[in-house]
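Notes to accompany the following structure.
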Amino acid sequence: MGCIENASHGVHGREVGTMATADERQACGERLRTERKRRGWFKPDMARALAEALEAMGERQWPDLPTLKNYILRWEGGKVYPGPLYRAAYARAFGMPEDALFGMAVSGASWEDGTEEDDMRRRTLLGLLATATAAPWAQRAEHVRAEVTGAIRPTTTDRDADTWERVAFDYAHEVGVLPAGQLLPDLLADFSEISGIVAGAHGPVRTRLIHIVARLAALTAITLSDLGDPGGARRWWRTAERAADESGDHLTASMVRGRQAVFSLYADRPLPSVLGLAEQAIEIGHGWPCAGVASGHAAKAQALALLGRHAEAADTLEDLNGIFERLPERTSGDGSSQWGWSLQRLHHVTSHVYTFAGDLERAGNAQDRALALYTGRGYLGRAQVELHRAGCLIAAGDVDEGARHAVRVLESLPAGHRDNGVARRTAVMSLNLAPRTDARRPALRDAYELLALPSGER
């Protein structure tokens with residue numbers, strides 16, 4: 001082993017040497033890159049996280065963000081091994097113990113390397129202890145905060161309802177955009193808090209809050225669907241249904257069932273059950289042009305296509321177009337929240353129906369129109385439409401290219417979205433269009449194997 005220069009600044013800004021073999025550097029780089037991507041971070045995000053960790057550790061000086069980004073490139077590339085200070089910073093930034101992140105100590109390191117190294121190890125140990133206790137204390141702190149909030153205002157007022165309407169509005173624009181694993185803890189914490197507030201509410205304020213609870217429960221169900229937990233999602237849909245019914249708002253009750261029907265398509269739920277939910281959404285909404293009735297028709301058309309009842313699917317799609325034309329502008333013009341029903345949704349549904357009906361020309365046209373409308377943050381919707389395109393390639397006989405396209409789509413998703421349950425289920429549905437005689441084709445098997453791999457191995 002030779003001594004390498006490590007890109008790790010001490011408190012005085014000088015580099016500190018660390019002994020590491022080429023294999024150790026390479027393994028370390030791969031681990032750091034994997035952990036970063038697992039969190040959906042790009043290198044500038046990682047640089048900011050390291051700077052924040054260094055500040056929290058009590059460091060007074062550290063490199064600027066562009067320099068940190070260059071260090072990250074060298075560390076992840078296996079060119080150098082992080083020194084003690086940056087190993088501690090990485091552990092703090094990732095929220096995990098340093099020994100779990102880096103494994104055994106680097107060859108040649110010892111506890112007798114000098115006072116500066118002792119000081120670095122002291123900070124490392126403090127950072128490790130902080131990491132080990134952060135999660136449980138954060139949970140306790142949130143519990144205490146919720147209790148204090150309830151004690152400050154035991155009587156619930158319209159101001160509380162106004163606040164929670166803003167919270168629900170924000171979540172409606174974040175679910176499906178931010179990684180589900182990032183959102184779920186916040187959703188659950190907020191749901192716990194609003195539960196206590198509802199208990200102290202009466203009259204119209206209580207009705208408003210229950211209406212909000214219905215939406216938050218539905219958003220939690222959608223998030224669990226994205227995490228690939230259909231059982232958990234189903235339980236939260238039941239809560240959303242009950243709250244929506246209790247609120248007395250038939251449009252919300254319809255919307256909850258409509259969205260549930262759509263997401264049930266990706267939960268291995270029996271398709272007749274999906275049809276039943278879709279019909280409920282249409283019935284409860286009295287067929288009125290609203291988001292719930294539109295989602296009901298959308299889920300019905302897609303389920304019929306999957307059942308092979310293509311003529312009925314086409315008729316239902318025609319009904320959906322009629323509903324869409326009569327939607328209020330606030331609904332059809334909302335392309336950024338879970339409660340909107342914009343033109344991109346219509347083209348998305350049309351793409352699904354015609355892909356699985358085998359009408360490849362109409363499917364392709366719908367895919368082109370849908371993709372033209374997705375914004376930069378619409379990762380998942382765009383991925384689903386591209387997976388429909390993969391299905392069309394397979395249905396047209398080009399099984400290898402269809403399978404390869406599905407793999408490219410999944411691998412192009414940001415790291416925080418690659419495990420998305422809805423996207424992965426869409427991929428399976430498209431791959432299943434391949435004839436059984438092609439089941440052993442290498443490209444198809446590679447695609448199925450990618451879907452079978454656990455997180456972190458893709």
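Any chance you could count how many residues in the range 13-54 are hydrophobic (A, V, I, L, M, F, W, C), at pLDDT 50 or above and farther than 14 Å from ASN70 by Cβ?
So the count comes out to 11.
Given the criteria among the hydrophobic types (A, V, I, L, M, F, W, C) and either at positive phi or modelled with pLDDT of 95 or more (or both), does ALA415 qualify?
no
Quick check on the range 41-48. Is at least one of its residues within 21 Å of the chain's Cα centre (by Cα), surrounded by 18 or more Cβ atoms within 10 Å (Cβ to Cβ) and part of a helix (DSSP H, G or I)?
Scanning the range 41-48, I find at least one residue that is within 21 Å of the chain's Cα centre (by Cα), surrounded by 18 or more Cβ atoms within 10 Å (Cβ to Cβ) and part of a helix (DSSP H, G or I), so the answer is yes.
Quick test for you: out of THR355, THR331, pick the one residue that is at pLDDT 95 or above, assigned to a helix (DSSP H, G or I), surrounded by fewer than 24 Cβ atoms within 10 Å (Cβ to Cβ) and polar (S, T, N, Q).
THR331 is the lone residue from the list that is at pLDDT 95 or above, assigned to a helix (DSSP H, G or I), surrounded by fewer than 24 Cβ atoms within 10 Å (Cβ to Cβ) and polar (S, T, N, Q).
Within the range 25-40, restricting attention to residues that are closer than 26 Å to LEU178 by Cα and charged (D, E, K, R), which residue is surrounded by the most Cβ atoms within 10 Å (Cβ to Cβ)?
Within the range 25-40, the match that is surrounded by the most Cβ atoms within 10 Å (Cβ to Cβ) is ARG36.
For ALA243, are the conditions met, namely being touching a His at 6+ places or on another chain (Cβ under 8 Å), surrounded by 18 or more Cβ atoms within 10 Å (Cβ to Cβ) and among the small types (Gly, Ala, Ser)? Explain how you work it out, then say what you get.
On the way: touching a His at 6+ places or on another chain (Cβ under 8 Å): yes; surrounded by 18 or more Cβ atoms within 10 Å (Cβ to Cβ): yes; among the small types (Gly, Ala, Ser): yes.
The answer is yes for ALA243.
Quick check on the range 391-398. Is at least one of its residues under 25 Å from the mean Cα position of the chain (by Cα) and either among the hydroxyl-bearing types (Ser, Thr, Tyr) or outside any loop (DSSP other than H, G, I, E, B) (or both)?
Residues of the range 391-398 under 25 Å from the mean Cα position of the chain (by Cα): 391.
Of the ones still in play, those that are also either among the hydroxyl-bearing types (Ser, Thr, Tyr) or outside any loop (DSSP other than H, G, I, E, B) (or both) are 391.
Checked against the condition, which is being under 25 Å from the mean Cα position of the chain (by Cα) and either among the hydroxyl-bearing types (Ser, Thr, Tyr) or outside any loop (DSSP other than H, G, I, E, B) (or both), the range 391-398 yields at least one hit.
Just to be sure before I move on: is GLY296 more than 25 Å from ARG206 (Cα to Cα), in a helix (DSSP H, G or I), within 28 Å of the chain's Cα centre (by Cα) and without any contact (Cβ under 8 Å) to a residue 24 or more places away in the chain in the structure I sent?
Working: more than 25 Å from ARG206 (Cα to Cα): yes; in a helix (DSSP H, G or I): yes; within 28 Å of the chain's Cα centre (by Cα): yes; without any contact (Cβ under 8 Å) to a residue 24 or more places away in the chain: no.
So GLY296 does not fit the description; no.
Can you say whether ASP368 is farther than 27 Å from LEU178 by Cβ, free of Cβ contacts under 8 Å to residues at least 12 places away in the same chain and assigned to a helix (DSSP H, G or I), as far as the supplied structure shows?
Working: farther than 27 Å from LEU178 by Cβ: yes; free of Cβ contacts under 8 Å to residues at least 12 places away in the same chain: yes; assigned to a helix (DSSP H, G or I): yes.
Against the criterion (farther than 27 Å from LEU178 by Cβ, free of Cβ contacts under 8 Å to residues at least 12 places away in the same chain and assigned to a helix (DSSP H, G or I)), ASP368 qualifies.
Across the range 334-347, what is the total count of residues that are in contact (Cβ under 8 Å) with a residue 12 or more places away in the chain, part of a loop (DSSP other than H, G, I, E, B) and over 16 Å from LEU251 (Cα atoms)? Let's see the steps before the verdict.
Step one: list which residues in the range 334-347 are in contact (Cβ under 8 Å) with a residue 12 or more places away in the chain, which gives 335-347.
From what is left, the residues that are part of a loop (DSSP other than H, G, I, E, B) are 335-342.
When the remaining residues are screened for being over 16 Å from LEU251 (Cα atoms), the result is 335-337, 342.
So the count comes out to 4.
Which one is modelled with the lowest pLDDT, of the residues in the range 70-102 that are more than 16 Å from GLN26 (Cβ to Cβ), in a helix (DSSP H, G or I) and within 27 Å of the chain's Cα centre (by Cα)?
That would be ALA100.
Out of all the residues in the range 365-395, which are surrounded by fewer than 20 Cβ atoms within 10 Å (Cβ to Cβ) and closer than 17 Å to VAL353 by Cβ?
ASN365, ASP368, ARG369, LEU371
Of the residues that make up the range 418-430, is at least one of a type in the set (S, T, N, Q) and modelled with pLDDT of 95 or more? Let's see the steps before the verdict.
Of all residues in the range 418-430, those of a type in the set (S, T, N, Q) come to 420, 426, 430.
Filter again for modelled with pLDDT of 95 or more, leaving 426, 430.
Checked against the condition, which is being of a type in the set (S, T, N, Q) and modelled with pLDDT of 95 or more, the range 418-430 yields at least one hit.
Of (1) among the aliphatic types (A, V, I, L, M); (2) buried (at least 24 other Cβ atoms within 10 Å of the Cβ); (3) over 25 Å from the mean Cα position of the chain (by Cα); (4) within 23 Å of ALA221 (Cβ to Cβ), LEU304 satisfies all except one. Which?
(4)
Restricting the search to the range 306-323, which residues are over 15 Å from THR355 (Cα atoms) and touching a residue at least 12 places away in the same chain (Cβ under 8 Å)?
THR316, ASP319, LEU320, ASN321, ILE323
Considering the range 219-236 alone, what residues qualify as being farther than 18 Å from ASP190 by Cβ and either in contact with a Gly (Cβ under 7 Å, 6 or more places away or on another chain) or crowded, with 17+ Cβ neighbours inside 10 Å (or both)? Before the answer, list the steps.
First, pick out the residues of the range 219-236 that are farther than 18 Å from ASP190 by Cβ: 225, 228-231, 234.
Matches in the range 219-236: SER225, GLY228, ASP229, PRO230, ARG234.
Any idea which of ARG404, ARG382, ARG377 is among the basic types (Lys, Arg) and at pLDDT below 95?
Testing whether each residue is among the basic types (Lys, Arg) and at pLDDT below 95 leaves just ARG377.
Looking at GLY58, GLY10, can you tell me which residue is farther than 14 Å from ALA93 by Cβ and either exposed (fewer than 14 other Cβ atoms within 10 Å of the Cβ) or modelled with pLDDT of 85 or more (or both)?
Among GLY58, GLY10, only GLY58 is farther than 14 Å from ALA93 by Cβ and either exposed (fewer than 14 other Cβ atoms within 10 Å of the Cβ) or modelled with pLDDT of 85 or more (or both).
The values are calculated or read from the model by the stated rules, or taken from the named source; none is laboratory data. No experiment lies behind these values; they were computed from the predicted model shown. Glycine gets a Cβ as well: all are built from the backbone with ideal geometry, and neighbour counts include every protein chain shown.
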